[in-house]
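What follows is a short report on a single structure.
Taken together, the values in this text are just the output of simple stated rules run on the coordinates, not laboratory data. What you are looking at is a predicted structure, and each value in this text was computed from that prediction instead of being measured. Positions of Cβ are backbone-derived with ideal geometry, glycine not excepted, and every protein chain shown enters the neighbour counts.
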Amino acid sequence: MPSYIGDLSKLSFLDLAYNGLSGSIPSEQSLFSSLGHISLDHNNISGTIPQEIGKLRSLSQLILHENKLTGNIPSSMGNLSNLVNLYLGDNELFDSIPEELGMLRSLDLFDLVRNHLTGTIPSSICNKTKLSFLYLFSNELSGPIPAELGMLRSVHQLQLWNNSLTGKIPDSIGNLSNMDRLHLFMNELSGPIPSGINITHFKSFQLAENELTGNLPENICLGGLLEILTVENNHFSGPIPKTLKNYTSLIRIRLEQNQLSGNIAEGTFQKKKNIAEGFGTYPNLNYIDLSYNQLFGELLDNWGQCHNLTSSKSSNNNISGQIPPNLGEARLAANGMSASIPSQLGQCSNLIYLNLSRNKFNEDIPSEIGKLQFLQILDLTHNILAGKLPSQLAQLQRLETLNLSRNRIFGSIPSTFDNMLSLTSVDISYNQFEGRLQNSKAFNKAPFESLRNSKDLCQVLAIKKLHTPPEAGMTILKAFTSEVHVLTEIRHRNIVKLYGICWHPQYCLLACEFFEDGSLAMLLSSEEKAIKFDWIKRMNVIKCVSYALSYMHHDCSVPVVHRDISSKNGLLDLEFEAHISDFGTARLLKPDSSNWTSFAGTLGYSAPEEEKITNASLTAKISARLASTDPIDFENVPFTTPLESLRMPPIPAGPGFLSLLHPR
């Protein structure tokens with residue numbers, strides 16, 4: 001901001017918000033004796049707020065939020081006796097709140113949010129009898145909430161959340177008869193909710209993530225205006241207040257992670273035959289979480305009348321009964337729910353997350369679950385489910401995680417599961433499945449632990465057999481030992497997985513990850529497959545190999561060199577992701593050794609200088625992908641040809657580069 005702006009001595013209104021201004025606030029603004037409004041918000045203004053700002057005695061609006069202001073709040077601001085609205089939020093201000101701000105008797109809105117202010121809340125700011133909105137959240141304020149806040153009789157919103165405030169909620173808060181929003185969550189407050197707080201006219205009451213104790217107030221919803229109630233992660237005990245049955249205006253309820261107890265079916269949240277017809281209809285509720293308490297009883301069918309309810313969480317209680325329809329998220333894990341999973345779940349068309357784990361559900365998995373077209377996570381682990389896996393589950397095209405472990409499901413996995421392209425995580429362990437695993441990425445990449453203890457379930461593996469004739473026994477054994485040693489030390493998505501080994505005097509076996517598309521060399525040798533091997537797929541293969549080599553060279557505790565990166569050792573999965581295999585010639589680089597070895601590798605891919613072998617192999621491999629062939633025509637190479645002459649020629653620059661490319 002230019003300093004000559006101070007020449008505008010008659011200026012009364014200055015609004016430069018949303019302009020991308022930078023630099024500091026010029027002290028010349030103090031010359032604007034008639035200035036009543038300053039809006040510099042949503043810019044990149046830095047530096048400190050000048051002390052001279054306290055000379056603007058006519059100022060009623062000071063709006064500086066969403067900048068990069070630093071330093072402390074000038075005490076001279078206490079001289080702005082006509083100030084009505086003060087916005088200093090979303091800056092980088094620090095130090096304590098000046099006591100002098102208590103002199104701003106005309107203030108209606110006081111906003112210091114999302115700064116780095118420290119110290120206690122000064123009791124002097126409680127002298128503002130006209131204050132309607134006090135926003136101090138997301139700072140580093142500490143100490144108790146001053147009892148003098150009870151003098152703010154006009155305040156509508158008191159938001160002190162996300163600080164480090166301690167002590168009890170003062171009883172004087174009960175004097176704030178006009179307050180409709182009290183937000184004290186994410187502090188370190190303790191003790192009970194003061195009995196004098198009149199909550200009947202509250203719209204939002206949020207005390208989550210403190211150390212509060214005692215019972216929830218019985219009159220918590222007596223006025224019928226409450227929309228948001230969040231008291232999770234405290235130590236509240238006793239029953240859920242029965243006045244919550246009148247919460248027709250409620251939108252969001254969070255009571256989880258407390259010690260609440262009692263029968264959930266007695267009045268609260270429920271509709272019973274002996275209660276008036278209007279009780280238990282919740283037209284606006286969209287989220288409720290009762291998890292991790294000590295509640296019991298049944299979820300009755302009237303929950304289906306909550307037509308806006310998208311998420312219901314009641315896990316880790318002892319709740320039974322049916323699952324309400326029309327949900328977007330249902331977390332009912334670790335309860336005592338039994339009988340069969342209701343087929344009506346298929347009507348919950350908006351369901352995204354379904355967790356019924358650690359209950360006592362039995363019988364079949366209903367095929368109607370296959371109708372949940374938006375479902376992304378399905379967790380049915382630790383139940384007593386039996387029967388076969390319904391083929392309709394393959395219709396869940398958005399499903400990403402499937403956990404069916406620790407049930408009694410039997411039979412084969414339907415072939416339609418091959419089409420579940422979004423599925424990335426599967427756990428079907430401790431069931432009675434049999435037959436072959438389906439050829440989908442999720443099943444192929446599932447760890448053995450996710451498939452353990454099924455009756456006769458098999459996964460296709462690649463078995464590498466190394467014969468050990470007497471004349472080459474030590475050489476083969478050395479390669480076998482090297483491959484086992486390396487593959488048990490490294491883990492990467494683009495390196496083939498080793499599942500097991502077998503050693504015998506006549507042969508050695510390695511059980512590895514199987515890839516149906518075979519190696520890159522096999523693909524390049526097939527005219528039909530090579531035509532489909534487009535540029536996107538070729539670049540993807542190159543990237544995968546590069547990632548694996550970078551991991552081996554730079555991210556392993558002991559660097560690994562493969563020494564034989566070639567097209568025959570790059571295996572491809574169904575998505576054309578490459579996986580490096582065949583580590584028989586690999587070496588771990590010892591930091592205290594020169595690491596000289598004899599020649600290893602494939603002619604045409606190897607560098608003549610041993611220390612450059614892996615990078616040169618990668619270059620040759622890239623060349624092979626571009627040309628859709630091997631870099632050397634081995635059939636026409638005489639046996640006596642020197643190794644030096646078999647090195648790959650340099651890639652030509654400019655138009656000559658196109659000569660490398662294969663027509664297809």
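Over 23 Å between Cα atoms, which of K465/K532; K313/K371; K242/K313; K168/K242 qualify? Please report the intermediate quantities before stating the final value.
Details: K465/K532 31 Å; K313/K371 21 Å; K242/K313 20 Å; K168/K242 25 Å.
From the list (K465/K532; K313/K371; K242/K313; K168/K242), the Cα-Cα distance tops 23 Å for K465/K532; K168/K242.
Using only the alpha carbons, work out the radius of gyration and Dmax of segment 324-395 in angstrom.
Here Rg and the maximum Cα pair distance are 11.1, 29 Å.
With respect to the cross-link table entries K478/K590; K360/K388; K497/K543; K10/K55; K568/K590, which display a Cα-Cα separation exceeding 22 Å? Don't jump to the answer; show the numbers that get you there.
Values: K478/K590 18 Å; K360/K388 18 Å; K497/K543 19 Å; K10/K55 15 Å; K568/K590 27 Å.
Distance filter (> 22 Å) returns K568/K590.
Going by how many other Cβ atoms sit within 10 Å of their own, how do R408, R538 line up, fewest first? Don't skip to the end; give the middle numbers.
On the way: R408 13, R538 17.
Least to most surrounded, the residues fall as R408, R538.
With a sphere of radius 13 Å drawn around the Cβ of S195, what net charge do the other residues whose Cβ falls strictly inside it have (Lys, Arg +1; Asp, Glu -1)?
Values: positive: K168; negative: D171, E218.
With Lys, Arg at +1 and Asp, Glu at -1, the neighbours total -1.
Jot down the radius of gyration and Dmax of segment 11-106, Cα atoms only, both in angstrom.
For segment 11-106, the Cα-based Rg and Dmax read 12.2, 33 Å.
Determine the gain in length on full extension of the stretch K590-S550; use 0.36 nm per residue of separation and subtract their C-alpha separation, reporting nm with one decimal. All intermediate terms of the calculation are to be shown ahead of the outcome.
Details: separation 40, 0.36 × 40 = 14.40 nm, distance 1.74 nm.
Length gained between K590 and S550: 12.7 nm.
Please list, by residue number, every one of the GluC sites (Glu not before Pro) in segment 61-118 that is coil in DSSP and has at most 13 other beta-carbon atoms within 10 Å.
On the way: sites: E66, E92, E99, E100; in loops: E66, E92.
Here the GluC sites (Glu not before Pro) that fit, given the DSSP loop and packing criteria, are E92.
Cut-off is 10 Å between beta-carbons; in what order do K590, K168, K497 appear when sorted fewest neighbours first?
Working: K590 10, K168 15, K497 18.
The order, fewest Cβ neighbours first, is K590, K168, K497.
Tally Lys and Arg at +1 and Asp and Glu at -1 over the other residues with C-beta under 14 Å from the C-beta of K68: what net charge comes out? List each step's numbers first, then the result.
Working: positive: R114; negative: D41, E66, D90, E92.
Neighbourhood net charge equals -3.
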